[in-house]
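J.: Next up is a structure, given as structure tokens.
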Amino acid sequence: MSLILRSSARMAFGIALLATVVLASTAGAVMLPRSPQVPFLTGSLQGYLNANDGGINTATDQLNGQYFSSNVGGIAVFELMVTLSNNPAGNTIGVYNAGDPSPTLYPLLTGRTAGYYVVCHFYANGTLNVDMFDPSDISLGTVSYSGVTRNAFGFYIQHDLGGTFYSQDARNSGAAQVLTYAGTDIGGFGNYGDWWECFNDTPYNATFSTFDSAVLLLQSVTPKPVPTQNKSWGSLKATYR
């Protein structure tokens with residue numbers, strides 16, 4: 001687990017977090033590649049990650065991580081690193097319970113640009129407290145949700161012009177709308193143990209999709225693959241309806 005706490009406010013949270021959490025590496029979480037890898041227009045996302053994480057090939061390093069669990073202590077940091085949507089102010093990014101057939105959506109970042117972040121505390125009783133900060137580390141307040149499953153939550157992106165897309169492909173009629181990459185230490189960026197979550201806020205199209213509508217850097221969580229089940233693809237999709 002690594003935490004990027006770049007200024008005084010984040011350092012204060014880092015001290016509180018370290019007092020609560022024993023640092024645990026996510027290196028033990030073996031995550032297989034997506035198969036097949038999702039073809040898309042890689043130039044923009046690749047350029048961004050080249051400048052912020054020198055060890056990722058966006059075309060070939062996609063991981064089969066479609067939902068997440070919180071690590072020891074239940075504290076996680078989600079930072080909105082970049083949003084290149086045509087209308088970023090219209091996007092809401094949040095979490096949902098990955099196992100629910102018709103999940104409730106819990107918004108985390110609404111109408112935000114790069115630099116905004118949230119510190120999330122997942123409690124065992126299903127409570128999720130979300131502390132929100134702007135790029136200058138000024139608090140924007142706290143919201144609390146109940147009924148969130150800390151060991152199996154996914155991410156969604158919702159656009160105010162219509163359309164909600166999920167990190168689980170089956171909820172998008174089988175199409176990938178969110179791609180996951182493992183952070184690296186290559187280039188000295190210190191992202192090892194963190195995860196990049198890259199969103200596409202329009203229906204997937206191999207020719208036009210860019211997966212840079214919003215890019216989150218996730219800290220202190222562990223991705224999980226799609227469960228292996230002896231089901232047909234149709235019956236698997238049906239479990240999310």
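J.: Check ARG150, ARG171 and return the single one that is surrounded by 14 or more Cβ atoms within 10 Å (Cβ to Cβ), of a type in the set (Lys, Arg), in contact (Cβ under 8 Å) with a residue 24 or more places away in the chain and under 17 Å from ALA76 (Cβ atoms). Talk me through it step by step, then tell me what you get.
T.: On the way: ARG171 fails: under 17 Å from ALA76 (Cβ atoms).
It is ARG150.
J.: Another one. What pairs can you find where one residue is in the stretch 116-131 and farther than 9 Å from SER144 by Cα, the other is among the hydroxyl-bearing types (Ser, Thr, Tyr) and assigned to a loop (DSSP other than H, G, I, E, B), and their Cβ atoms are less than 9 Å apart, with a gap of 6+ or different chains?
T.: CYS120/SER220; HIS121/THR127; PHE122/THR149; ASN125/SER146; GLY126/SER146; GLY126/THR149
J.: Could I ask something else about it? For a quick check of your reading: which strands (runs of 3 or more DSSP E) sit entirely within the stretch 53-124 and have at least 2 residues that are β-branched (Val, Ile, Thr) and within 20 Å of ARG171 (Cβ to Cβ)? Break it down stepwise before answering.
T.: Working: elements: 67-70, 75-82, 91-97, 106-110, 117-122.
Where strands (runs of 3 or more DSSP E) fall fully within the stretch 53-124 and carry at least 2 residues being β-branched (Val, Ile, Thr) and within 20 Å of ARG171 (Cβ to Cβ), they are 91-97.
J.: Assuming SER209 fulfils every condition listed in (1) out of contact with any Ser or Thr (no Cβ under 8 Å at 6 or more places or on another chain); (2) at pLDDT 95 or above; (3) at negative phi; (4) assigned to a loop (DSSP other than H, G, I, E, B) apart from one, which condition is it?
T.: Among (1) out of contact with any Ser or Thr (no Cβ under 8 Å at 6 or more places or on another chain); (2) at pLDDT 95 or above; (3) at negative phi; (4) assigned to a loop (DSSP other than H, G, I, E, B), SER209 violates only (1).
J.: Looking at SER35, is it within 26 Å of ASN125 (Cβ to Cβ), surrounded by fewer than 20 Cβ atoms within 10 Å (Cβ to Cβ) and at pLDDT 85 or above?
T.: Spelling it out, it is not the case that SER35 is within 26 Å of ASN125 (Cβ to Cβ), surrounded by fewer than 20 Cβ atoms within 10 Å (Cβ to Cβ) and at pLDDT 85 or above.
The values are calculated or read from the model by the stated rules, or taken from the named source; none is laboratory data. This one's a predicted model, so the numbers in the text were calculated from it and none came from an experiment. In this analysis, Cβ positions are derived from the backbone assuming ideal geometry, glycine residues included, and neighbour counts consider all displayed protein chains.
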